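The values are calculated or read from the model by the stated rules, or taken from the named source; none is laboratory data. Keep in mind it's a predicted model, so treat the numbers as computed, not measured. Every residue, glycine among them, receives a Cβ derived from its backbone with ideal geometry; neighbour counts consider all protein chains shown. Ligands, DNA and RNA are excluded from the accessible area calculation, which covers all protein heavy atoms including side chains. Shrake-Rupley method; radii C 1.70, N 1.55, O 1.52, S 1.80 Å.
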Amino acid sequence: MTTESLLTRADIAVPHSQLYIAGEYVDAASGETSDVVSPVTGEVIASIAVPGREDLDRAVAAAREAQQAWSRVGVWQRAAILHRVGDLLAAKRDDLARLLTLEQGKPLSEAYADIDESAQLFHLHSEDAVRLHGETLPSNDTHKRMWTFYQGVGTWAIVIPWNFPVLMFAEFVAPGLATGNAVVVKPPAHTALSLLAAVEVLEEAGVPAGLVNVLPGEGAFGGELVSHPGIDAIGFIGSSATAEKIVATAGLKRSIIEASGNGPVVVLDDADVEAAARAAVRGAFYNAGQVCCATGRVLVHSAVRERFVEATRAAAAEAVLGDPFASTTTLGPMNNQATANKVDAHLAEARERGFEIVVGGGRASGFPTDLYYEFTVVDGVAPDALLSVAETFGPVVPIISADSDDELLRIANEDALGLQGAVFTKDLSRAYRFVEEMRTGQVVVNDSNGFWDINMPFGGVGGTRTGWGRIGGKHTLLDMSDLRTGVLHLD
């Protein structure tokens, strides 16, 4: 760690560690707290309130009451308030980004991008909402007039993971509020500080108290939240295993589910191999690989495998492990021990099976915590290895080879965690084939599997364990609304 970054970090404030209920920061009813430890420094940076049933009941009641009034506010008025939220978030970008890096571990440049995009989402969905309208429908009864309109579903439980706490909050809350909903949000307790700091802008922007409530908690509390009788719908981003538990609990409640991804990057024999290698590397070290559309596995045509391995070795220099507050760092620490342990296990199996560790291969020494993980490239990975069939969620590029397009496509589609994929080729026909036949919700041609745009409908695809619904652009507003129909009888 440099002296400069340590001095900078000393100035980072933790303004809130309480629950946010009905427009106020409050202690948990039980008074219970838990420590938040920075993966960057290993230090306790706050003690955060631990919510219980009493807090949950109060938050849901506040949300339901506020939603009734909010649903009657005109869409242009809602949009104006949410534009102000976006402006105020942008004004707090410095403080929020630094706190986000401290609690999550991602490089500061990535934290700035998260906050900037969060602010943009409030602007985007404000504009989407004022253009969300129904239509007049012809009736075979000349005495009837039929029309459709959109209306918010009601009160949503929003369960988000630890990798993008502010951004994923905005991905649900901006379209949710824009369409007249209220929300009770559960981020993980150990990455909720930047989110709690962000929501202090809501009152200043004019968001009515109670529309947004934040209760940081862990798995058991999430189960209570989604099963609460006052919750009308559920928005979830996280692992497929947790998603399946939520769906089993939720019953007929409306849901948007974005679950695990282990998306393939396919490199065909006519690809720009160097560009593909750079993209695969970027997709693996961004946020330390802790992204649902990270470079989960690379499927390379055998004819270009050796070139690709060497190009990836060279591109690995872009992954600079270090202090995430330093401007030269592109790879910060992993967020938590459970995820780092999973990477350990996947690489241990790789060694046992004789796969070649080309670059890296384990945790780095000389840092304040043991969550700093070397950027790693593994060649000769078998399609049935843990690095292939399970979401590693770390800074690892596993390379698998096959001899034909058919075989590459087959391997790509064997995994039920596709979510998003990529293909590198100069042949338009081959590109179209992989876009249409790869079993993922999105396929990116000639760019990183980690490509993302806030106006892009992102989500899983049928026949997989990746979920349903879409996050991005107008599609989230549609998923968070009921399409209603009016029928008027004329004498």
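Descriptive notes on the structure:
- Estimated distance in nm for a label pair at Ser47 and Asp427, the labels positioned 7 Å out from Cα along Cα-to-Cβ: 6.5 nm
- Mean separation of Cα pairs under 8 Å and 6 or more residues apart, divided by the residue count, gives the chain a relative contact order of 18 percent.
- Top positive-direction residue, dipole computed over the range 296-410 with Cβ charges, set Pro324, Val397, Leu409: Pro324
- In the context of the full set of protein chains, the chain has a per residue accessible area of 39 Å² (1.4 Å probe).
- Hz values of 3J(HN,Hα) by residue in the range 394-400 - Karplus curve (6.51, -1.76, 1.60), Gly and Pro given as x: x, x, 10, 10, x, 10, 10
- Dipole magnitude for the chain: about 940 debye, using +1 per Lys or Arg Cβ and -1 per Asp or Glu Cβ, origin at the Cα centre.
- Rounded tilt (10° steps) of 75-91 against the dominant C-alpha axis of the chain: 40 degrees
- Amide H to amide H distances under 5 Å link Val266 with Leu299, Ala422, Val423, Phe424, where only residues 5 or more positions off or on other chains count and H is placed in the peptide plane.
- Each DSSP beta bridge with both residues in the range 264-420 is either parallel or antiparallel, and the antiparallel ones are about 25%.
- Considering only Pro165, Ser481, Gly296, the residue lying farthest towards the positive end of the dipole of the chain is Ser481, judged by Cα position with unit charges set on Cβ.
- Note on Arg410 and Glu135: the model spin-label points, each 7 Å out from Cα along the C-beta direction, lie 4.4 nm apart.
- Gyration tensor (alpha-carbon) shape descriptor, the range 6-113, a/c threshold 1.5: oblate
- Fully extending the segment from Glu349 to Asp482, taken as 0.36 nm per residue of separation minus the present Cα-Cα distance, adds 43.1 nm.
- Extended-chain gain in nm, criterion 0.36 nm per residue less alpha-carbon gap, Glu54 and Glu203: 51.3 nm
- Computed magnitude of the charge dipole of the range 73-229 (debye, nearest 20; Cβ of K, R +1, Cβ of D, E -1): 400 debye
- Using C-alpha pairs under 8 Å with a sequence gap of at least 6, the mean separation divided by the residue count of the range 367-463 gives a relative contact order of 21 percent.
- Full-stretch length increase - Ala220, Glu24 - with 0.36 nm per residue and alpha-carbon distance subtracted: 68.1 nm
- Computed helical MRE - 222 nm, the chain, DSSP H runs ≥ 4 contributing -39500 (n - 2.57), nearest 500: -12000 deg cm²/dmol
- Folded to 0 to 90 degrees: helix 165-178 orientation relative to the chain principal axis, Cα: 30 degrees
- Cα-based shape type of the chain, given that a ≥ b ≥ c are square roots of the gyration tensor eigenvalues and the cut on a/c is 1.5: oblate
- A simple packing score, the average count of other Cβ atoms within 10 Å per residue, orders the peptides 134-141, 47-54, 230-237 as 230-237, 47-54, 134-141, with the highest score first.
- Alpha carbon centroid spacing (whole Å) that separates the range 244-282 from the range 22-75: 31 Å
- Compared with the dominant principal axis of the Cα atoms in the chain, helix 337-352 is inclined by about 30°.
- Measuring only protein heavy atoms, the 1.4 Å probe finds Phe367 accessible over about 70 Å².
- Approximate spin-label separation Thr148-Thr328, in nm, with each point projected 7 Å along Cα-to-Cβ: 5.7 nm
- Top positive-direction residue, dipole computed over the chain with Cβ charges, set Gly42, Gly354, Asn449: Asn449
- Placing unit charges on the Cβ atoms only, positive for Lys and Arg and negative for Asp and Glu, gives the range 1-120 a dipole magnitude near 520 debye about its Cα centre.
- Burial ranking of peptide ranges 206-215, 178-187 (average Cβ count within 10 Å, highest at the top): 178-187, 206-215
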